[in-house]
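Trainee: Would you mind keeping the following structure in view while I ask a few things?
The values are calculated or read from the model by the stated rules, or taken from the named source; none is laboratory data. None of the values given here were measured: they were computed from a predicted structure. Virtual Cβ from ideal backbone geometry, glycine too; neighbours counted across all protein chains shown. In case anyone asks, the SASA skips ligands and DNA or RNA and just uses the protein heavy atoms, side chains included. Shrake-Rupley method; radii C 1.70, N 1.55, O 1.52, S 1.80 Å.
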Amino acid sequence: MLDLQRLRALHAVSVHGTVGAAAAALGYTSSAVSQQIAKLERETRTVLLEREGRGVRLTDTAYHLVATAQELLAIVERAETELEERRGVPSGRLTIAAFASAARGLMPPVLADLALRHPALDTRLTEIDPHLSVDLVAKGAVDLVVAHDWDIAPLPAPAGVEQAVIGDDLCDLLVPLGHPFAERGAVRREELGGERWICQPPGRVCHEWLVRTLRTAGHEPDIVHQADENPTLVALVAAGLGIALIPRLGRGPLPDGVVEVPLDPMPVRHVYALWRAGAARRPAIAETVRTLRAHWPAVSAHRPHAPQSSGPSQSTQ
């Protein structure tokens, strides 16, 4: 008899790529995950993980087991959804993945609100970039994702994943005090050529948006400094080292020496909640989406996007 928790551990390694990342996602230690897989290897009398450099590689047998594990986990999810639906209240564990500025600017009050009103609901948050987190929810590694896209780069929802809009996050041009743009009421995109830019590294959605937008306006961006976190980008602007385009969500108060200037037209990124279609009836999903939308006006610093539905039951893919 194969143990479901051991199959879950193997499935997590296949999704996250390493034992350490799988352990972090499951809330275990790396040694605990390794022990679960070692026991599964003894039960199946086969090798499931092989060393590859500093990481591991799944064997062919392991991939067959992962496919079976995904089917079993989907069955368990349906059973848990039905039980929770019968109770009629959010309960059980709900794993959430959110991008950095949402994890900082949106999720703390949302999680606190859920914990206060639904003590039987055990929420677990992980900060993950959108282009990774959407795949994780599709594979069943997390229950709910808070992700974003940009007006020129829509976010596709994989098959079997539903989504609902939480709100629209506006993006401002930040310049040092004394910069020629600092006294302007608005700046057009065509005027951005020749500037020194501070931006996130390549591979991030914000970086790709900046490069594509400036090239569309006829400018090749001169990106002189790169950093992952928005507070670091703001600090570099405050030091007079360049200008940056930074969304409002989770940005916090601007320090002295940094001026916010509207860009014309103003960049917008859409913030979404995504979940697997099989879990759409789960009260925990519906209540979390409702709570995300309820808190959006207080954290977004502007009028929110008019929601198209009231929750998962009416969402669009």
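Trainee: Report the Rg/Rh value for segment 145-277, based on alpha-carbon coordinates and the Kirkwood definition of Rh.
Mentor: 0.99
Trainee: Report, in deg cm²/dmol and to the nearest 500, the calculated mean residue ellipticity at 222 nm for the chain, where each DSSP H run with n ≥ 4 adds -39500 (n - 2.57) and the sum is divided by the residue count.
Mentor: -13000 deg cm²/dmol
Trainee: Of the DSSP beta bridges with both residues in the chain, give the percent that are antiparallel, rounding to the nearest 5.
Mentor: Roughly 65 percent of the DSSP beta bridges within the chain come out antiparallel.
Trainee: What trypsin sites (Lys or Arg not before Pro) in segment 1-66 are in a loop by DSSP, with at most 15 other Cβ atoms within 10 Å of the Cβ?
Mentor: Counting only loop positions with at most 15 other Cβ atoms within 10 Å, the trypsin sites (Lys or Arg not before Pro) in segment 1-66 are R45, R54.
Trainee: Given points 7 Å out from each Cα along the Cα-Cβ axis, report the Y63 to D151 separation in nanometres with one decimal.
Mentor: The answer from the label model is 4.3 nm.
Trainee: Right, another one. Segment 57-117 to segment 176-196: how many Å between their Cα centroids?
Mentor: Segment 57-117 and segment 176-196 have Cα centres separated by 44 Å.
Trainee: Quick one: Cα convex hull volume of segment 129-209, Å³ per residue?
Mentor: 130
Trainee: Sort segment 219-269 into rounded, prolate or oblate with this rule: let a ≥ b ≥ c be the square roots of the eigenvalues of the Cα gyration tensor; rounded if a/c is under 1.5, and if a/c is not under 1.5, prolate when a/b is larger than b/c, oblate otherwise.
Mentor: In terms of gyration-tensor shape, rounded.
Trainee: Please compute one quarter of the surface area of the Cα convex hull for segment 1-72 and express it in square nanometres.
Mentor: Across all orientations, segment 1-72 yields a mean hull projection of 4.3 nm².
Trainee: Another one. Test of understanding: in a Gaussian network model of the chain with alpha carbons linked when under 10 Å, which of D228, D168, D143 would top the mean-square fluctuation ranking?
Mentor: Its mean-square fluctuation being the largest, the pick is D228.
Trainee: Report, in debye and to the nearest 20, how large the dipole of the chain comes out about its Cα centre when Lys and Arg carry +1 and Asp and Glu carry -1 on their Cβ.
Mentor: 740
Trainee: Which of these, Q163, Q226, Q200, has the largest mean-square fluctuation under a Gaussian network model of the chain (Cα springs below 10 Å)?
Mentor: Checking each option, the largest mean-square fluctuation is seen for Q226.
Trainee: If you line up the long axis of helix 30-44 against the longest principal axis of the chain, both from Cα atoms, how many degrees apart are they, to the nearest 10?
Mentor: Relative to the chain, helix 30-44 is tipped by roughly 40 degrees.
Trainee: OK, next. In whole Å, what three semi-axes, largest first, describe the equivalent ellipsoid of segment 1-137 built from its Cα gyration tensor (square root of 5 times each eigenvalue)?
Mentor: The three semi-axes for segment 1-137 are 29, 20, 12 Å.
Trainee: Taking Cα centroids, how far is segment 202-228 from segment 6-28 in Å?
Mentor: 34
Trainee: So, one more: Using Cα-Cα distances under 8 Å and only pairs 6 or more residues apart, what relative contact order does the chain have, in percent?
Mentor: Relative contact order, the chain: 22 percent.
Trainee: At what distance in nm do the modelled label points of Q226 and Q35 sit from each other, each positioned 7 Å from its Cα along Cα→Cβ?
Mentor: 4.1
Trainee: Mind telling me which of E71, E52, E229 comes out most flexible in a GNM of the chain, alpha-carbon contacts under 10 Å?
Mentor: E52
Trainee: Right, here's the next one. Leaving ligands, DNA and RNA out of it, report the carbon-plus-sulfur percent of the accessible area of the chain at a 1.4 Å probe.
Mentor: That fraction is 52 percent.
Trainee: Follow-up. Label point 7 Å out from A186 along Cα-to-Cβ: which residues of segment 264-281 have amide N under 19 Å?
Mentor: 264-269
Trainee: Calculate, in nm to one decimal, what V76 and R215 gain on full extension: separation in residues at 0.36 nm each, minus their alpha carbon distance.
Mentor: 45.2 nm
Trainee: Still on this structure: Quick check: pseudo-label points 7 Å beyond the Cα along Cα→Cβ at E43 and A112, how many nm apart are they?
Mentor: Distance between the two pseudo-spin positions: 4.2 nm.
Trainee: Would you kindly state how much longer the chain becomes between R87 and L132 on full extension, computed as 0.36 nm times their sequence separation minus their alpha carbon distance, in nm to one decimal?
Mentor: Fully extending the segment from R87 to L132 adds 12.9 nm.
Trainee: Find how much the distance from D122 to L177 grows on full extension, using 0.36 nm per residue of separation minus their present alpha carbon separation; answer in nm with one decimal.
Mentor: Length difference between fully extended and current span is 15.3 nm.
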